[in-house]
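Visitor: My questions all concern the structure below.
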Amino acid sequence: MGNSFDVAIAGGGIVGAACAEECAASGLKVAVVEPGPIGGGATAAGMGHIVVMDDSPAQIALTNYSRSLWMARASEFPPDVEFVATGTLWVAADEEEMAEVRRKLGVYHSIGVRASVLDASELAKEEPNLRPGLAGALLVPDDGVVYPPCAARYQLERARQNGAVLRIGEAAASLSGEGIKLRDGTLISAGITVNATGAWAPELTPGIEVRKRKGHLVITDRYPGWVRHQLVELGYLKSAHSTTEDSVAFNVQPRKTGQLLIGSSRQFGVEYGAIDHHMLTRMLRRAQEYMPGLADLSAIRSWTGFRAATPDKLPLIGPCPGNERLYLATGHEGLGITTSMATGKLVADLILRRTPAIPAEPYLPGRKQEAHA
Amino acid sequence: MPDSVRLTVNGTGVEVPAGAMVSTAVALADVSAYRRSVSGEPRGPLCGMGICFECRVTIDGRAHCRSCQVVCRPGMEVRTDG
Amino acid sequence: MADREFDVVVVGAGPAGLTAACRAAECGKHVAMLDDNPLPGGQIWRGASKEAAAWMRRAERLGVEWMAGARVFDAPEPQRLAVETFEGECRIGYRSLILATGARERFLPFPGWTLPNVMGAGGLQALAKSGLPIAGKRVVIAGSGPLLLAVARYMKTHAADVRLIAEQASQGAVTRFALRCPPRKLLQAIGLRAGLVGIPYRTGCWPVSAQGKDRLESVTLRCGDRTWTEACDCLACGFGLIPNLELAELLGCRLSQSGVDVDEFQETSEAGIFAAGEATGIGGLELSLVEGEIAGCAAGGNTDGAKALFGARSSHQRFAKALEEAFALRAELRDLPRPETFVCRCEDVTFERVRACSNWREAKLHTRCGMGPCQGRICGGAVEFLLGWRVESVRPPVLPARVGSMSR
């Protein structure tokens, strides 16, 4: 066994794990390098939602494809992965947003994604803890939630069973077309090297357009049945879309345990991980605008994480222009959990020159990225 | 000030000395399972000082109250998970 | 609840907090003293304690503002604490802060430790002082430290049937400790012991399992080669004390091996933040009282008053050292949990799953150990001893707080 692999992957988060699993399952010799606990980056910090998101045709194609991969494997996962098809409710606060709901319905139906519109009273029945006076919602019933660190661990274990070597507790010092050089100088040589290090990706591959986008989350004690679906306000898309401002958007998700995860917030240009109280307050107030009863629930912890954000809101999946042996699998912003499975497939497809299930072009590094304001 | 306080635990009336904590009321109601753990085990107070969270009960509709830290008030309605 | 501003805020109304508040107020400072509990006194002076009452009277005369049932859950801005009570919440501003957050018991898992009526040693005493009926109950007291004797005396005085006191430290260790005690403390200990005539006090003895259907019915103990089972109603079991450091950590105070790191004036690494009592390292009542007075004087600007107490503090520190050495936990206690024994009670995580992880962070992420409401206060102390892990990472809220309180 020496140090020579077909694929060396830097990063043992959900994306690195999906790439490792798929490559190993396809018969490639895989190594994964991860300094911390598996799934210790954004994988651990995020909510863990699996959602078809329609910010752009390329985004909806990727999220839809990836979601179908999650759904196909739903019954395979062990209990600690906590996969549940909660469905998503995109909540409309007024008639203007309801028009948007109806537009989205058309988009989802056009690509074969199950969705339906709930009016105000149907919404209130589905989610009694939402405030009265909302206009309705778009229900996407096959969306789900998962506990990502254990999903990543599961996928890396499957990779290991297919011969992958997991170097957990070791950090990549540099990446090149030759492989991954560790901090102690050891070279894990590989035919293809994949940078799946999320918010840290530009440190290992300087010059790529990935910026840290900080987010906050709060988790409550157990309130089984208090929220049944993943709840998102329509303004979430605007918040995720902006490339400049700090923003918050209502997003509440139930865990299988009955705990609620409350989000979401976005900030650029902040490097420290400590809680920003002004953002936390804004985020929690926004959430209470939609669910006033949250005020009395017991919050047990808050934390932050860094999404990897790109100018055009699409991830970077594939070889670096000018260095066909160095791949990127990063820049997933708030959709890393959702699109991890598809990313793994695309990376394996590109390496093995298989025809991918969806066109890979929109996600290739080196595409022209126009920042949408 | 009265010497005792009357409240209910799971619908049953209980009388406790004034100043007693809700944990006492639950014990006097002969309830040993204040809550059920995530895998369904019966649990009761462990630390007596508000840091273990095993003594949690619902008080007047508010869930997850540490009964060892709340003084009994007349008419309180305490519900255990038991 | 209205926001308030003070010169000095004292967090914790146990012995260290009470003395600190009084000495700071004597310097003319506007002082507030907060405690999660409804009454002052902390743990050791819980209930109708004459000492606590005397210090409270002094504090009241000095105009110290007492905030009962107030838990500090966050420090949202410099010199500002976020505080919640049963009814509401407020922000409290300070120029100087004194952390007198005390200690909690170290719990070690063993089969059956999650049964109702298995409690801490201090835990059972605290619950009994809050009204829990113990008269006529068969009680086994186990674990480690002088606290076991104090608890036994309380139980006996209140007509509990104390079957046994099981101290895990060896007879030699306990005797050496007694010989290192200053005479007053030794007499105290002898007096305690005399009051416990008729109750077996076994050293080198510890619980190996607890049994019962829906609540405790018996405890199995080991002493040397002998293993036997005692029928009982309550097991009061605690393996020493560990300092409450969460708020200090949140505030960025540097920690030492034993607790919050402080200089000779009890000031932490953060200017204007002081710490006193068990939070700076387990040392017993007398040391806490002196440290509290020093911190209160220092925060109040009375350097001479503080310096005058340095000698007393040194002598009590020697006792603290003896305490730590005598009651060190023996290695056999690491073998108590079975693979299926729960280590994390909030999330029901077994020992087997926790020890398969390499460190505390990994255990939190992959098993949810330490991620429940207690945020590792119970399982953290166990895991530090069982696996040698460093347990850290405090996030707000330091204690659970309502979402509404967090979004002021």
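Visitor: Checking A:Glu126 against (1) outside the structural domain of A:Lys345 (by TED's automatic domain parsing); (2) within 17 Å of the chain's Cα centre (by Cα): exactly one of these is not met. Which one?
Guide: (2)
Visitor: Limited to the range A:24-62, what total is found for residues that are part of a loop (DSSP other than H, G, I, E, B), farther than 25 Å from A:Asp80 by Cα and aliphatic (A, V, I, L, M)?
Guide: The number of residues fulfilling the criteria is 2.
Visitor: Return yes when A:Ala287 is under 24 Å from the mean Cα position of the chain (by Cα) and either surrounded by fewer than 22 Cβ atoms within 10 Å (Cβ to Cβ) or away from every other protein chain (no Cβ under 14 Å) (or both) and no when it is not.
Guide: no
Visitor: Here are the criteria: (1) modelled with pLDDT of 95 or more; (2) surrounded by 23 or more Cβ atoms within 10 Å (Cβ to Cβ). Tell me which single one C:Gly283 does not satisfy.
Guide: Answer for C:Gly283: the failing condition is (1).
Visitor: Turning to a different aspect of this structure: Of all helices (runs of 4 or more DSSP H) completely enclosed by the range C:265-327, which ones contain at least 2 residues that are closer than 30 Å to C:Gln171 by Cβ?
Guide: Correct list: C:285-300, C:310-326.
Visitor: Right, here's the next one. Could you go through the range A:74-95 and let me know if any residue there is part of a helix (DSSP H, G or I), among the charged types (D, E, K, R) and under 20 Å from A:Ile50 (Cα atoms).
Guide: For the range A:74-95, residues part of a helix (DSSP H, G or I), among the charged types (D, E, K, R) and under 20 Å from A:Ile50 (Cα atoms): present.
Visitor: Look at A:Tyr154 and say whether it is surrounded by 15 or more Cβ atoms within 10 Å (Cβ to Cβ), in the same structural domain as A:Arg228 (by TED's automatic domain parsing) and in a helix (DSSP H, G or I).
Guide: No, not satisfied.
Visitor: Report yes if some residue within the range A:165-175 is within 14 Å of chain C (Cβ to nearest Cβ), over 25 Å from A:Met47 (Cβ atoms) and hydrophobic (A, V, I, L, M, F, W, C); otherwise report no.
Guide: yes
Visitor: While we're here: Of the numbered conditions (1) touching a strand residue (DSSP E or B) at 6+ places or on another chain (Cβ under 9 Å); (2) at pLDDT 95 or above; (3) away from chain C (no Cβ under 14 Å), A:Gln59 fails exactly one; give the number of that condition.
Guide: Against the list (1) touching a strand residue (DSSP E or B) at 6+ places or on another chain (Cβ under 9 Å); (2) at pLDDT 95 or above; (3) away from chain C (no Cβ under 14 Å), A:Gln59 comes up short only on (1).
Visitor: Out of the residues in the range C:121-164 that are in contact with a Pro (Cβ under 7 Å, 6 or more places away or on another chain) and among the hydrophobic types (A, V, I, L, M, F, W, C), which is farthest from C:Pro40 (Cα to Cα)?
Guide: Here the answer is C:Leu164.
Visitor: Here's something else I'd like to know. Determine which member of the set A:Arg158, A:Arg213 is at pLDDT 95 or above and under 21 Å from A:Ala309 (Cβ atoms).
Guide: A:Arg213
Visitor: Name the strands (runs of 3 or more DSSP E) wholly inside the range C:39-132 in which the number of residues that are more than 13 Å from chain B (Cβ to nearest Cβ) is 2 or more.
Guide: C:65-67, C:71-77, C:80-84, C:89-93, C:96-99
Visitor: Can you tell me which residue in the range A:255-274 is farthest from the other protein chains (Cβ to nearest Cβ), limited to those that are of a type in the set (A, V, I, L, M) and under 27 Å from B:Val38 (Cβ atoms)?
Guide: Only one residue tops the list, namely A:Leu261.
Visitor: I'd like to check something: does the range A:80-97 contain any residue that is surrounded by fewer than 18 Cβ atoms within 10 Å (Cβ to Cβ), within 29 Å of A:Arg301 (Cα to Cα), within 14 Å of chain C (Cβ to nearest Cβ) and not aromatic (Phe, Trp, Tyr)?
Guide: Scanning the range A:80-97 turns up at least one residue that is surrounded by fewer than 18 Cβ atoms within 10 Å (Cβ to Cβ), within 29 Å of A:Arg301 (Cα to Cα), within 14 Å of chain C (Cβ to nearest Cβ) and not aromatic (Phe, Trp, Tyr).
Visitor: Could you please give the count of residues in the range C:203-242 that are touching an Asp or Glu at 6+ places or on another chain (Cβ under 9 Å), basic (Lys, Arg) and closer than 24 Å to B:Arg36 by Cβ?
Guide: 1
Visitor: Can you tell me which of (1) under 30 Å from C:Arg395 (Cα atoms); (2) in contact with a Leu (Cβ under 7 Å, 6 or more places away or on another chain) is the one C:Thr280 doesn't meet?
Guide: The single condition C:Thr280 does not satisfy is (2).
Visitor: Could you tell me which residue of the range B:15-62 is farthest from C:Ala128 (Cα to Cα), considering only residues that are part of a strand (DSSP E or B) and within 7 Å of another protein chain (Cβ to nearest Cβ)?
Guide: Among them, the one singled out is B:Arg62.
The values are calculated or read from the model by the stated rules, or taken from the named source; none is laboratory data. As the structure is a computational prediction, the values presented were derived from the model and not from experiment. Positions of Cβ are backbone-derived with ideal geometry, glycine not excepted, and every protein chain shown enters the neighbour counts.
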